[in-house]
Amino acid sequence: MAKTTAKPAAAPKAAPKASAAKKAAPASNGQTASVQPILNQQFNAPAPLQKYGTVSQRLPIGLDEKTRQQSVTNLNQLLADTITLRDLYKKHHWQVVGPTFYQLHLLYDKHYEEQSTLVDTIAERIQILGGVAVAMAHDVAELTSIPRPPRDREEAPIQVGRLLEAHQIILKNCHDFAKQADEAGDDGTNDLAVSDVMRLNELQVWFVSEHVVDTPLARAE
Ligand SMILES: [Fe+2]
């Protein structure tokens, strides 16, 4: 029998009276009365299906629990950092100013979309491994290793610097995580770290770095 650390869901308790739904019953005209959704069930909920930080062995993918646990922990770090970088691109897409506005405005949004796709790929790998993917902004903010930018609007060279720093943090982690996955025999996670995360981040570093130029744009010399 496959071992799992996830607790099975208990039977749901009764919902609060105030929001209890009316039982569907045939109306006097012969039609079924409308059923109301039951709200606020989370305040009276049983144990969660699976606790964050645990790893289920439910899917038979040929990896032991220790390997899955290590990969899930590393992938959740990559996920939190990738979500943060994705959102940093959107912030800069909205707030960019200057003579390179149009180029950067478009480039930032392209990179946002690509990071967004990567977020989904990482999160689904975590679920395949039997883990629980971090998702909400509150939790991502606690987990990410990318420094928090101010809410203020910043000049384009500062935006570029922040993005390159964030890419480098992800890439350094990714090299470590890829090696760990390789040594543990988790080829799928190693492939994701190298083929998806590393390749995309390196490519985006190239495109963003080409905007680090010291050229007078307003005055011909
Ligand atoms: Fe836009």
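Where a number appears in this text, it was derived from the coordinates with a stated rule and is not lab data. Here the structure is a predicted model, which is why all the values come from computation and not from measurement. Don't worry about glycine lacking a Cβ; one is built from the backbone with ideal geometry, like all the others, and counts go over all protein chains shown.
Where does each of 196, 191 land when they are ranked from fewest to most other beta-carbon atoms within 10 angstrom? Don't skip to the end; give the middle numbers.
On the way: 196 18, 191 14.
Fewest-to-most ranking of 196, 191: 191, 196.
Setting aside same-chain residues fewer than 8 positions from residue 90, which aspartates and glutamates have a Cα under 12 Å from its Cα?
Within the straight-line cut-off, residue 90 pairs with 109, 113, 114.
With +1 on each Lys and Arg Cβ and -1 on each Asp and Glu Cβ, and nothing else charged, work out how big the dipole of segment 65-209 is about its Cα centre, in Debye to the nearest 20. Before the final figure, lay out the partial values.
On the way: 14 positive and 22 negative charges, 80 e Å.
Dipole magnitude for segment 65-209 comes out near 380 debye.
Could you pull out every one of the aspartates and glutamates with an alpha carbon less than 16 Å from that of residue 179, ignoring same-chain neighbours closer than 8 positions?
Here the aspartates and glutamates satisfying the reach criterion relative to residue 179 are 187, 191, 196.
Once R0 is set to 45 Å, what does the formula 1/(1 + (r/R0)^6) return for the Cβ-Cβ distance between residue 103 and residue 44, expressed as a FRET efficiency to the nearest 0.05?
0.25
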